[in-house]
């Protein structure tokens, strides 16, 4: 899995954007992985900005 989000349209095919988030606890999280399968980064996307954290 590389992304998870809660679109206000309730249709996950909708293009991902911070303005399209919805629901009681809106979120949009993205992950990247190293070649061996370990998580490399996690990004939290919000209406005001994105925050990316390295796993190590």
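The values are calculated or read from the model by the stated rules, or taken from the named source; none is laboratory data. Since the model is a prediction, treat every value here as computed from it, not as a measurement. We place every Cβ from the backbone using ideal geometry, glycine too, and count neighbours over all the protein chains shown.
Annotations
- Among (1) part of a loop (DSSP other than H, G, I, E, B); (2) within 13 Å of the chain's Cα centre (by Cα), the one test that residue 43 misses: (1)
- Of all residue pairs spaced 6 or more apart or on separate chains, those with beta-carbon atoms under 8 Å, a first member in region 1-20 that is farther than 29 Å from residue 37 by Cβ and a second member that is loosely packed, with under 12 Cβ neighbours inside 10 Å and modelled with pLDDT of 90 or more are 20/9.
- Of all residue pairs spaced 6 or more apart or on separate chains, those with beta-carbon atoms under 7 Å, a first member in region 40-56 that is touching a residue at least 24 places away in the same chain (Cβ under 8 Å) and a second member that is exposed (fewer than 10 other Cβ atoms within 10 Å of the Cβ) are 47/19.
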